[in-house]
Amino acid sequence: MAPESKPLVALLFVPVLLLLVSAGSAKLLEYQTLVLAPLSNPPPLVSSTDGDDLSWNLESAEEVPVAEDGSASVQLTLHHRDSLHPAANSTPEALFRLRLARDAARVSYGDGSITTGEFSTETLTFRRGTRVGRVAFGCGHDNEGLFVAAAGLLGLGRGRLSFPSQAGRRFGRRFSYCLVDRTSADSLRRRTSSIVFGDSAVPRSAVVFTPMVVNPRLDTFYYVELTGISVGGARVPGVRAADFRLDPTTGKGGVIVDSGTSVTRLARPAYAALRDAFRAGAAGLRPAPVFSLFDTCYDLSGKSEVKVPTVVMHFKGVEAGAAAASNLSLPAENYMIPVDTDGVFCFAFAGTDGGISIIGNIQQQGFRVVFDGAASRVGFAPGRC
Ligand SMILES: *[C@@H]1O[C@H](CO)[C@@H](O)[C@H](O)[C@H]1NC(C)=O
């Protein structure tokens with residue numbers, strides 16, 4: 001009879017409604033605005049003798065004393081010079097392809113390059129008088145591999161011979177750098193990158209910290225524990241912490257933060273899942289053919305801005321407990337980058353089968369990236385350039 005059948009109808013309806021509600025909310029992805037600035041022509045070289053200069057020209061760097069409180073800190077501004085020069089008639093795309101190809105080869109540095117020469121100790125004196133004694137220092141006469149045409153190389157790794165390790169007593173095993181947008185040298189609002197050694201390297205607030213992880217088999221790299229990635233505000237299920245785990249016995253796997261690699265490389269299954277999630281969230285944009293190592297590109301010509309799904313990298317937190325995750329929200333320019341002058345932009349991540357995942361400098365740009373060896377943590381501070 002009618003009164004008895006009512007509850008049954010209600011029961012049937014309730015789950016259906018719940019399903020609709022949850023399906024509806026899962027579709028509300030988070031987006032952010034990407035202001036579109038296609039590649040422009042690189043500025044002409046200042047003088048032809050700069051031709052084979054180092055990429056990060058420390059010679060012309062300016063030293064600025066940072067701390068007024070007497071603690072030892074030194075700040076250097078960095079001027080980006082590239083040893084790849086545009087040939088008179090080469091296009092920005094062609095130059096950019098060359099840079100990506102170089103980046104792909106660099107990915108293997110640390111094993112391929114060799115140098116032979118003298119090795120001795122020196123006292124380093126910075127312009128305003130900060131001194132660091134007994135720094136082991138090499139003069140290479142035969143440099144092979146990925147030195148490209150650099151005149152010098154400042155080692156910033158975790159190993160004993162790097163500059164921060166050797167200057168540890170003077171600068172407390174702390175340094176940070178900020179790499180400005182790689183296209184900013186081309187723009188009118190020219191800003192410079194900088195590197196700071198010492199306590200002033202660590203901003204006092206708003207730093208997303210994660211523990212510095214040690215690889216017992218390899219002391220050069222700064223490892224961090226990446227636990228996942230969100231796209232559009234939702235954790236991507238296929239990007240698993242297991243894909244990024246460092247095996248301390250074999251020294252394989254893991255995730256490093258590297259200033260010398262441009263495009264972030266993720267273990268391939270994680271990359272594929274991330275890319276698929278991004279493509280699904282960016283389904284409204286017009287696809288474009290692959291470009292170099294990028295397989296997810298869009299033709300955004302004719303637009304001045306678009307909405308792209310947010311991307312957040314989740315790291316292990318420095319405090320105990322699952323809720324203490326350190327979340328790094330990437331600005332849109334750090335993952336959708338122009339590859340030509342016509343408005344093609346690509347999702348700037350790539351996959352790797354090399355075992356080790358690398359957080360590269362495109363994803364780091366605009367953050368102050370802090371390597372705090374004293375407190376065994378790596379940090380990212382938005383906008384502290
Ligand atoms: C980090 O993101 C996760 C979602 O994966 C969230 O649960 C957590 O509350 C976030 N933590 C902070 C500190 O924002």
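The values are calculated or read from the model by the stated rules, or taken from the named source; none is laboratory data. All figures in this text were calculated on a predicted structure; none of them were measured in a lab. Please note: Cβ atoms are built from the backbone with ideal geometry, for glycine as well, and neighbour counts cover all protein chains shown. Areas reflect the complete protein model, heavy atoms only, side chains present, ligands, DNA and RNA absent. Shrake-Rupley method; radii C 1.70, N 1.55, O 1.52, S 1.80 Å.
Would you work out which of 261, 215, 249 lies farthest towards the positive end of the dipole of region 204-290? Charges go on Cβ: Lys and Arg +1, Asp and Glu -1.
261
At R0 = 35 Å, how high is the FRET efficiency between residue 272 and residue 28 if r is their beta carbon distance? Nearest 0.05 is fine. Show your work: numbers first, answer last.
Values: r = 24 Å, r/R0 = 0.70.
Rounded to the nearest 0.05, the efficiency is 0.90.
How much length is gained on full extension from residue 160 to residue 91, taking 0.36 nm per residue of separation minus their Cα-Cα distance? Provide the component values of the computation, followed by the final result.
On the way: separation 69, 0.36 × 69 = 24.84 nm, distance 4.21 nm.
Stretched out fully, the residue 160 to residue 91 stretch lengthens by 20.6 nm.
Please give the contour-minus-distance gain from residue 376 to residue 123: 0.36 nm per residue of separation, less the Cα-Cα distance, rounded to one decimal in nm.
On the way: separation 253, 0.36 × 253 = 91.08 nm, distance 2.70 nm.
Answer, rounded to one decimal: 88.4 nm.
At q = 0.17, 0.19, 0.20 Å⁻¹, what base-10 log of I(q)/I(0) does the Debye formula yield for region 197-329 when every alpha carbon is treated as an equal point scatterer in vacuo?
-1.07, -1.23, -1.30
Taking a ≥ b ≥ c as the square roots of the eigenvalues of the Cα gyration tensor of region 215-285, is the shape rounded (a/c under 1.5), prolate (a/b larger than b/c) or oblate? Please list the in-between numbers first.
Working: a/c = 2.97, a/b = 1.99, b/c = 1.49.
Prolate shape, in that a/c is at least 1.5 and a/b is the bigger ratio.
Among 210-221, 262-273, 371-382, how do they line up by average Cβ neighbours within 10 Å per residue, starting with the highest?
On the way: 210-221: 17.0, 262-273: 21.4, 371-382: 19.8.
By packing density, highest mean first, the sequence is 262-273, 371-382, 210-221.
Enter the accessible area of residue 177 (Å², nearest 10), with the probe set to 1.4 Å and all protein chains included.
Rounded to the nearest 10, the figure is 10 Å².
So what is the relative contact order of region 319-364, in percent, for Cα pairs below 8 Å that sit 6 or more residues apart?
Rounded, it is 32 percent for region 319-364.
Quick one: which residues, 5+ away or cross-chain, put their amide H under 5 Å from the amide H of residue 246? H built at 1.01 Å from N.
For residue 246, the qualifying residues are 254.
For a paramagnetic label modelled at 7 Å from the Cα of residue 35 toward its Cβ, which residues of region 325-358 fall within the zone defined by backbone nitrogen distances under 13 Å?
332-333
Once neighbouring chains are kept in place and the probe is 1.4 Å, which whole percent of the accessible area of region 201-292 is contributed by carbon and sulfur? Intermediate results must be reported in sequence, preceding the final value.
Details: 2290 of 4110 Å².
Carbon-and-sulfur percentage of accessible area, whole number: 56.
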